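Report on one structure; see the data block that follows.
The values are calculated or read from the model by the stated rules, or taken from the named source; none is laboratory data. Small disclaimer: the values here were computed from a predicted structure and weren't measured. Ideal geometry is used to build each Cβ from the backbone, glycine not excepted, and the neighbour counts take in all protein chains shown.
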Amino acid sequence: MAHVLGQNQYGKAETRVVRIYRDSTRHEIKDLNVSVALSGDLDDVHLTGSNANCLPTDTTKNTVYAFAKEHGIESAEAFGIHLARHFVDNNEPIHRARIRIEEYTWDRIRTPDSSARFIGSEEVGHSFVRNGGEIRTAQITYDGSRFEVITGLKELTVMNSTNSEFWGYIKDKYTTLKEAYDRILATQVTARWAHSWSGEETQPNWERSYTHVRRHLLEAFAETYSYSLQQTLHAMGSRVLNNRAEIDEVRLELPNKHHFLVDLEPFGLKNNNEVYFAADRPYGLIEGTVHREGVVPVIPVA
Ligand SMILES: O=c1[nH]c(=O)c2[nH]c(=O)[nH]c2[nH]1
C-alpha cells in the first residue's frame, strides 16, 4: 500500500534565550523560549535520505542566539518576524516558517539601600525577580509574502468574589447543580489575539498593544456582572475589539476554577458565602472566539 507524506515541519523547539541590555547601569532583560518550525520542499529529506534541502535544527537554534546579539529583542513579535523572514527569504526550499515564543517577564527588585551602585529612587539596576503572573506568547507565521501574528498570554489567574450568578440552565434527571445567585467566578485566562498587520505597513508597537489588550481583558473581567463564564468570555473579547483597532480576532480559553461552598452545618456553623473548597479538577472549560464581522478567523481551535 502506498503511503503519502502529509504535512510536515521541523526546527529547534524551546531555545531559551536571555538577552541583557547593559547600555546603562539600569539593565534591561528579555527572556524568551523560542520554537522554530520550518516547512517547504522537504519530501526528499523524508523519502530519499537526501538532506540537500534541510537547514539543520542546530542552525535554527544558533540563528536565534546570533539574532539576539546582532538585532536585539525589541519585542517577541518583532524578533519572531525577523527570524521567520530570515529562514524563508534565505533558504529556497523553505517556504514557510512558524515561530512560537513564550516570554517570561522580570520585575525590578527595589530596596531602600541607597549605596552608589543603585540608581534612581529605590531600584536596583541589575536585580530582578521573575514575575509570577502570566506568560506572554507570540506566534509568527510567514509564507514568503504574508505574515500572521498572533499574540497572547496564558496562566493569568483572576477571580471575582461576587457579581457572578449561574441559573436558568437545562435540568434533567442527572442535574444536581444548585442555582447560584452569588458565586465566586475564577479562571486562568489563556488568550490569543490576531493582528490585522500582515507585513505591508510598518509594524504596530507590539509592546504597547500587549499592555493595552491585557488591561482590557482584566477590566472586562472585573466590570462584567456575569450570568455565565461564557458571557464573561464574550465581554472580554468584545472589549479588546472595541478598543484596539489593530486586532481582528480574540480567542479565549477559560477554565472555570470552581469554588464550592463547604458544608459547615456538621460543626453547627452557618456558611454565609465565606468558606469555599477550591477544586482543581474536573473543571468546566469555556472556549470561544470573538472576531470582527467579515474577518475569517485564523486562530487555530486547539
Ligand atoms: O459559567 C458557567 N457556565 C457553564 O456552562 C456552567 N456549567 C456549570 O456546571 N457551571 C457553569 N458555569
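Overview of results
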quantity: Residue match in segment 193-205 (condition: assigned to a helix (DSSP H, G or I) and surrounded by 13 or more Cβ atoms within 10 Å (Cβ to Cβ)); calculated: no
quantity: Residue count for segment 177-192, restricted to those that are within 10 Å of the ligand (Cβ to nearest atom) and assigned to a strand (DSSP E or B); calculated: 3
quantity: Criterion: surrounded by fewer than 18 Cβ atoms within 10 Å (Cβ to Cβ), at pLDDT below 95 and either aliphatic (A, V, I, L, M) or outside the structural domain of Thr25 (by TED's automatic domain parsing) (or both) - qualifying residue of Ala116, Ala66; calculated: Ala116
quantity: Residue check, Tyr174 on the phi < 0 side of the Ramachandran plot, part of a loop (DSSP other than H, G, I, E, B) and within 10 Å of the ligand (Cβ to nearest atom); calculated: no
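Matching residues to (1) away from the ligand (no atom under 16 Å from the Cβ); (2) touching a Pro at 6+ places or on another chain (Cβ under 9 Å); (3) under 18 Å from Ala180 (Cβ atoms); (4) assigned to a strand (DSSP E or B):
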{"residue": "Asp248", "(1), (2), (3), (4)": "yes, yes, no, yes"}
{"residue": "Arg251", "(1), (2), (3), (4)": "yes, yes, no, yes"}
{"residue": "Phe260", "(1), (2), (3), (4)": "no, no, yes, yes"}
{"residue": "Lys270", "(1), (2), (3), (4)": "yes, no, yes, no"}
{"residue": "Asn273", "(1), (2), (3), (4)": "yes, no, yes, no"}
{"residue": "Phe277", "(1), (2), (3), (4)": "no, no, yes, yes"}
{"residue": "Arg281", "(1), (2), (3), (4)": "no, no, no, no"}
{"residue": "Leu285", "(1), (2), (3), (4)": "no, yes, no, yes"}
{"residue": "Thr289", "(1), (2), (3), (4)": "yes, yes, no, yes"}
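Here is a yes/no grid of residues against (1) closer than 30 Å to His291 by Cα; (2) touching a Leu at 6+ places or on another chain (Cβ under 7 Å); (3) β-branched (Val, Ile, Thr):
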| site | (1), (2), (3) |
| --- | --- |
| His71 | no, no, no |
| Ala76 | yes, yes, no |
| Phe87 | no, yes, no |
| Glu122 | no, no, no |
| Asn131 | no, no, no |
